[in-house]
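The values are calculated or read from the model by the stated rules, or taken from the named source; none is laboratory data. All values derive from a computational prediction rather than experimental measurement. For neighbour counting, all protein chains shown are included, and Cβ atoms are generated from backbone atoms with ideal geometry for every residue, glycine included. Just the protein is used for accessible areas: all its heavy atoms, side chains included, with ligands, DNA and RNA removed. Shrake-Rupley method; radii C 1.70, N 1.55, O 1.52, S 1.80 Å.
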Amino acid sequence: MKNTNPLGAWPAPHDSANSPRKVFRCFAPPRWRSTPARTWFAQWSKEFSTLPLIMKSKHQEALARLAPALLCGEQSAINLFRIEDGHLTRKTLHVSVTLLHGIENDETAHEASLQVLRANLPAASDEHAIRRRSQAYFASLGRAETVAHHFGQVSQLDSAVCAIMWYMEHSAVGGNSMLGRLVEHIRHDEARHVSISRRHAFALGLSRDDYSRLGELVRGGLTGMLEHVADSFEDIGIDAGLLFTRIKRGAL
């Protein structure tokens, strides 16, 4: 099966005119957003569009259920960054704005790459249900109480994404060169986000107790959401129980 890149009008990330499938939307995009100009994404997307996706049907079907949940997370993050950016107007928060923009640019590239992947997988029969559960979870996080809480929340959520990407990298599908490179890139970016966000949250006054409480809320809710696609993790050789334990523990 040959890949068809839904970002055919590159660099516009959401032009699906040339795509056989509609771009997946969990949350409406911000009115203004950056394009995924990350060098690794441009190269990866170009190569992916010319190579066949060689993978067992079982693995493709599993990824078709996991991709929507991951996309919801990326889209939620992008929207949260845009909302917080609108409240960061004081000069003292200039560093926060800069950090948010850098992380948002990474998340935009992640989202675009996952759109490319999803467009080349079979449609998941329960994609609508996966979207609804994902929307409910990410909407429940709401807007953070303070900028410090927001960065703490980003750090905790991204630590969970790191764990997911590590397991996917070492799963039955991690040996696929294009998918392996993608999850590795995302994992590296998210690990950097964890470090930056956590350090900045503490610098803005977030206590370690509050950081831990945020972690329990964010990571506990995430595993609850992912339990509905646990069988898809298992189908690609990931022990879902071990993965969820690692997420709840907050370990990278």
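Given the range 54-249, report the % of alpha carbon pairs whose separation exceeds 24 Å.
Values: 7017 of 19110 pairs.
Result for the distance tail: 37 percent.
Given labels modelled 7 Å from the Cα in the Cβ direction, how far is it in nm from Arg213 to Thr98?
Each label point is offset 7 Å from its Cα along the Cβ direction, giving 3.2 nm.
Can you give the accessible area per residue of the range 54-249, in Å², using a 1.4 Å probe?
Ligands and nucleic acids excluded, the result is 41 Å² per residue.
Take the solvent-accessible surface of the protein heavy atoms, probe 1.4 Å, and return the percent of it on the range 54-249 that carbon and sulfur atoms account for.
Heavy-atom surface of the range 54-249 belonging to carbon and sulfur, 1.4 Å probe: 53 percent.
Please pull out the direction-averaged projected area of the range 98-176, using the convex hull of its alpha-carbon atoms, in nm² to one decimal place.
Taking the Cα atoms of the range 98-176, their convex hull projects to 6.6 nm² on average.
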